[in-house]
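Working notes for the structure below.
None of the figures in this text is laboratory data; all of them are computed from the coordinates on show. Treat the numbers as computed from the prediction; the structure is a model and nothing was measured. All Cβ positions, glycine included, derive from the backbone under ideal geometry; neighbour counts span all protein chains shown.
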Amino acid sequence: MKTKKVLLFTLFLQLFMIGTRAQNTSSFTFPALPYSYDALEPYIDKATMEFHYDKHFRAYYNNFIKAAETNSLNGKSMEEIFANMSKYPIQVRNFGGGYYNHAFFWEIMSPNGGEPSAILLKAINESFGSYDAFVKEFEKAANTLFGSGWAWLAVDDTGKLFVAQLPNQDNPLMDIAPKHGKPILALDVWEHAYYLKYQNKRADYVTNFWKVVNWVKVSEFYQKTLK
Ligand SMILES: [Fe+2]
């Protein structure tokens, strides 16, 4: 009886070790949320953040690491994968996009996001005419997107900023995107991102997003595109 228990325990331990090892062989990490679940209250509520980060984001990540394993993507950067998106199966596009986009989204929000840097503000003015014109265009992209997707602010190959409205988990780094660019700001307009608090009032969610944008981080991302 004792031997049976020891054997069962050993088997359990081996299965646990295999599970842990399988998780750890991926080169893609699951980033921590940079703030507490309730940090963006009242604009983004705690319950939404818990579901969004713990369930949706985790599911994208888990499915992506499986797809990464199947398609031998370990060791590659997400930028490299997205630049060759058209060569990979749809799972890589959907789950890889879901993984990258959400990790990016958590970073560009903060309860104390500050203001755009002078150099970013200058680029916004040059690209859109004014900050208000940029906000209007970005909000239009977020509010008029039919179904699920994201609104993006990205930098094109000439250094100019542009707003993009992309479906599902696509992003401007993907070779399949209508216009290619490096993202510096994004807004998730899937219903799971706002429905618990805002229900059908997506426009209110979009308006309140500006209160939690981490402009310090967005400015950093812009700065990196200049190199
Ligand atoms: Fe989402």
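Residues that are within 16 Å of the ligand (Cβ to nearest atom) and crowded, with 19+ Cβ neighbours inside 10 Å number at least 3 in the following helices (runs of 4 or more DSSP H) confined to the stretch 88-203: 97-107. Pairing residues of the stretch 128-141 that are on the phi > 0 side of the Ramachandran plot and aromatic (Phe, Trp, Tyr) with residues that are in a helix (DSSP H, G or I) and surrounded by fewer than 13 Cβ atoms within 10 Å (Cβ to Cβ), at Cβ distances under 6 Å and at least 6 apart in sequence or on separate chains, gives no pairs at all. Number of residues in the stretch 56-70 that are in contact with a helix residue (DSSP H, G or I) (Cβ under 6 Å, 6 or more places away or on another chain) and of a type outside the set (S, T, N, Q) equals 6. In the set (1) aromatic (Phe, Trp, Tyr); (2) under 26 Å from Asp156 (Cβ atoms); (3) within 16 Å of the ligand (Cβ to nearest atom), the condition left unmet by Phe221 is number (3).
Scanning the stretch 33-42 for residues that are more than 16 Å from the ligand (Cβ to nearest atom) and among the aromatic types (Phe, Trp, Tyr) gives a single hit, Tyr35. Step by step: first the residues of the stretch 142-192, then only those that are small (Gly, Ala, Ser) and under 13 Å from the mean Cα position of the chain (by Cα), then the one that is nearest to Met78 (Cα to Cα). Which residue is that? Filtering first and then ranking leaves Ala186.
Tallying residues that are within 20 Å of Ser77 (Cα to Cα) and in contact with a Leu (Cβ under 7 Å, 6 or more places away or on another chain) within the stretch 193-227 yields 1. Cβ-Cβ contacts under 9 Å between residues 6 or more apart (or on different chains), taken from a first residue in the stretch 185-198 that is free of Cβ contacts under 8 Å to residues at least 12 places away in the same chain to a second residue that is more than 9 Å from the ligand (Cβ to nearest atom) and assigned to a strand (DSSP E or B), are absent. Residues of the stretch 157-181 that are in contact (Cβ under 8 Å) with a residue 24 or more places away in the chain, polar (S, T, N, Q) and on the phi < 0 side of the Ramachandran plot: Gln165, Gln169, Asn171.
Just need a number here: residues in the stretch 115-141 that are of a type in the set (D, E, K, R) and more than 24 Å from the chain's Cα centre (by Cα). Residues flagged as of a type in the set (D, E, K, R) and more than 24 Å from the chain's Cα centre (by Cα) within the stretch 115-141 amount to 3. Per the listing Glu80, Glu50, Glu69, Glu41, the residue uniquely without any contact (Cβ under 8 Å) to a residue 40 or more places away in the chain, more than 30 Å from Asn112 (Cβ to Cβ) and surrounded by fewer than 16 Cβ atoms within 10 Å (Cβ to Cβ) is Glu80. Scanning the stretch 47-84 for residues that are more than 16 Å from the ligand (Cβ to nearest atom) and part of a helix (DSSP H, G or I) turns up Ile65, Lys66, Ala67, Ala68, Glu69, Thr70, Met78, Glu79, Glu80, Ile81, Phe82, Ala83.
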